[in-house]
Structure formats: structure tokens, C-alpha cells
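The values are calculated or read from the model by the stated rules, or taken from the named source; none is laboratory data. Small disclaimer: the values here were computed from a predicted structure and weren't measured. Note that we place each Cβ from the backbone using ideal geometry, even for glycine, and neighbour counts take in every protein chain shown.
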Amino acid sequence: MQKLLMSEKGVIGSYYTKAIQQERRSMLKHLKMIAGIAYQDNKTKALIKRIPRNAVAVVCHRDIDALAAEGLIHSQVKAVINFNESMTGTYDHDGVWKLLEAGIPVFDAFGPKQDLDHQYIHIIDGELYVRNNGTYEKVAEVFQYSFNVVIQRKRHAWNNLSEQYRAFVNNSLTHAEKELHQFLHPIVQLSLRKKMEGKDVLIVARGEGYMDDLKAFKRLRGKKEVVIIAVDGGADGLLACRMKPDFIIGDMDSVSRKALTAGDPQLIVHRYLDGSSPGEVRLKQLGLRVDAITFVGTSEDVALIFSYWAKANKIYMIGTRSSMNEFLEKGRPGMGSSLLARIQAGHKIVDLKGIRHVINENDYPMPKLVALPAFLLFALYFASPKMELLITIILQVIR
């Protein structure tokens, strides 16, 4: 997505005009009435897995992040109703913008949270109704987002950037100092290290645009062998690209059962310092064999440090988080452990985030199934004078 041009005076550029024009068309289409079956979940990523096409998504998600927005767009929801603030303006993010750009109206609902799962809902004139025994009952008032509102909140986030950045850095440094001792000793068993020592590793996490980056990497790597580590739900993205992980590392809250068993990956659950591990309980209930690593920080940090202490050669990373906005989107006010992990393993890291923007499919050889018709056409060209004339005429028309 194109980025807005920001300045102290506000938002400028042709993209602003384009957005307002699109907004007018969208508002005329959606402002009067929204109606449909609602599907609700406290976790947006869980809702995305089960919501049918053309349903109304009901969430409780403060500052809807870009990854969640991409999932809702992919699910082709009719609208999004949020019993929290979809964009606070505390920091800049593109979640609501992406939804509006896809033609999906976004509403914040005010008042006590309601259970609307599988209910027929109706929004009209800023009010949310539920159909009950043939009549409609008002359950909340709603506020509809527009491009103008998003731009205003982006401006507020921009003006608040220095303060937010200072708080984020202070938090990161404070926690990095407390957690430093965790990074001074190996966390990898010798038996596991042998599987990765001296080899290139690919770590895949569910970050914004990770699927497209993964497809670009797949074209780029050719026959290059890599050990693949999925972080939680990144395993499902790998399967969608017809790739199977060798390891799955994380708290296992967003990875499907299919991904957990496809190709018999090594499962390593991220156990928190207090000893809790909900993912470990889930895997044992499924009858799956699992190892555990007790460590600070995010599961992405665990995957990175695991690869580092296993003496991996190069560590390619797709979908992992490394910026303030990305951590704030996940509700983390700092990145102390991630900072330490990047410092420690940085000389091995090749971060491929955004590689989709620089890889052109035309730069790489055609797949065999595409090349075969071209070969047959080439053969026919020389097989018959009439066919040669016909193909010559076609090529001239195409030019």
C-alpha cells in the first residue's frame, strides 16, 4: 500500500484526494444500512478461521493491526463491528485503512459488550439492532470510520511520535537490562543442534505481507536447501505455499492441527518464565510429542536464538517484527528481548521482509508447465508454412 505523505502540517499528496473520492463512493454504498449474520470472537485471528464469506465480523480488538485486516479482507467479510477502538491514534497503523480500501465498512460500538454470535444484526443511522422474534432491538450506538477520520488519527499519531518513541525505547532498554542474563547461555539440546549446525535456516512468522514474501523467497531460492522453522501460525502459511516446516516453535495458540502433523515437524513449545505453557497442554491433549524451551520474550525471539545457539549458518527471516509500530500492534510497549536477540544473532540474519516488492516474477525462468505450450508453439512454427504464416500474423497483432 502506498504510504501517506506526512508533515507537521498534516497529510498531503494525491493519495489524499484519491482516498476522499473512494470514501464518497463507499459511504454512499454502506452508510444507509448494513445487515447480515454476525460472527463474533474475542480473538480476531480465531474468528478469521471460521467466519464465512459475506458475514459481519464482530471483534474486540483495540487498534486493528494490518495483519488482522488482511485476514478479514481475505475472509471477504461484509463489515467489521468492534467493541473496542479500532484506531486510537496513539500510534500509526494501517489496519482500518486497509479495510476501508477493500470496501469493508468499520464500526466502533459503544456501550456494554454484547454477544452477537450467529445473530442477525442491522445497522442503520448509527445504531446497531439485533433481530429477536421478528422484531429489532437496539443494542448499541456505532461510529463509522471514514478515510477522513483515519487521516486525522494518523496525524495525531504523527504529532505524538516523539513521546511514544521515547516511552518505547525506555521500556525496551529497561527490560533488556533485566533479561540480558537469559541470553548468555545456550538454550539448544545437542540432539537438536545437530539438525541445524552449519545449515541455512528460514524462520517464518505471521507478519504483515508474509505470504507474498514467502512466495517471492520460494521463487528466489531455487533448489537451495534450508531448514524451515515456523513460528506458530506461520506453519499454516508455509503449507499454503506447499512448503513444510522442519520445526514449529511457539505457544501454539494460532497453528492448526493440520500444520502440527503435516510432514512430522519437530514441535517445540515456548514455555514462559513462570512455568506456564498453555500450548504444551494442547499438544499433549492431541497426543503429540513435544519439547519445551523456557525463555523470555516472543516466540520469534525463541526461534531466532534457538537457531543462533544451534550454530546455523545464515538465518533468513520472513514476517518477523522489528519496529516500534509492529510491537505496539501486538500490544507490546517495548522490545527488550527482541533487541537483545537481534544484537546477538544480527551477523547471521538476512531479513527478507518486503522482498515481494523487489522480486519480479519475470526475472526468473518459466515453470515447466508454462514453458511446455511455448515449446509446442515453437515446434509448430517450423513444422508447417501455413502455421508459420498464422503465428507471424498473431505476433504482429500482439505487438
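Here is how the numbers come out for the structure above:
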| read-out | value |
| --- | --- |
| Selection from the stretch 49-60 of residues that are outside any loop (DSSP other than H, G, I, E, B) and either crowded, with 23+ Cβ neighbours inside 10 Å or touching a strand residue (DSSP E or B) at 6+ places or on another chain (Cβ under 8 Å) (or both) | Arg50, Val56, Ala57, Val58, Val59 |
| Pairs with Cβ under 8 Å, 6+ apart, first in the stretch 269-280 and charged (D, E, K, R), second assigned to a loop (DSSP other than H, G, I, E, B) and surrounded by 13 or more Cβ atoms within 10 Å (Cβ to Cβ) | Arg271/Ser277; Arg271/Phe295; Glu280/Met252; Glu280/Val290 |
| Residue ID - farthest from Arg221 (Cα to Cα), chosen from residues in the stretch 299-320 that are surrounded by 23 or more Cβ atoms within 10 Å (Cβ to Cβ) and of a type in the set (D, E, K, R) | Asp301 |
| Qualifying residues in the stretch 316-333 (those that are touching an Asp or Glu at 6+ places or on another chain (Cβ under 8 Å) and outside any helix (DSSP H, G or I)) - the one modelled with the lowest pLDDT | Lys330 |
| Criterion (part of a strand (DSSP E or B), at pLDDT 95 or above and under 17 Å from Arg153 (Cα atoms)) met by exactly one of Asp63, Asp108 | Asp108 |
| In the stretch 179-211, residue farthest from Leu239 (Cα to Cα) [restricted to those that are touching a Gly at 6+ places or on another chain (Cβ under 9 Å) and of a type in the set (D, E, K, R)] | Glu179 |
| Top-ranked residue of the stretch 127-156 - restricted to ones that are polar (S, T, N, Q) and out of contact with any Pro (no Cβ under 9 Å at 6 or more places or on another chain), ranked as surrounded by the most Cβ atoms within 10 Å (Cβ to Cβ) | Ser146 |
| Matching residues, the stretch 240-298, being among the aliphatic types (A, V, I, L, M), part of a loop (DSSP other than H, G, I, E, B) and under 23 Å from Arg221 (Cα atoms) | Met243, Ala262 |
| Some residue of the stretch 239-250 being surrounded by 23 or more Cβ atoms within 10 Å (Cβ to Cβ), in contact with a His (Cβ under 8 Å, 6 or more places away or on another chain) and not assigned by TED's automatic domain parsing to the domain that holds Ala66 | yes |
| Single condition Met87 does not satisfy, out of (1) surrounded by fewer than 21 Cβ atoms within 10 Å (Cβ to Cβ); (2) touching a residue at least 24 places away in the same chain (Cβ under 8 Å) | (1) |
| Leu67 vs. criteria outside the structural domain of Asp213 (by TED's automatic domain parsing), in contact (Cβ under 8 Å) with a residue 12 or more places away in the chain and over 18 Å from Asp41 (Cα atoms) | no |
| Boolean, His181 is more than 29 Å from the chain's Cα centre (by Cα) and over 30 Å from Val59 (Cα atoms) | yes |
| Lone unmet requirement of (1) out of contact with any helix residue (DSSP H, G or I) (no Cβ under 8 Å at 6 or more places or on another chain); (2) in contact (Cβ under 8 Å) with a residue 12 or more places away in the chain for Pro265 | (1) |
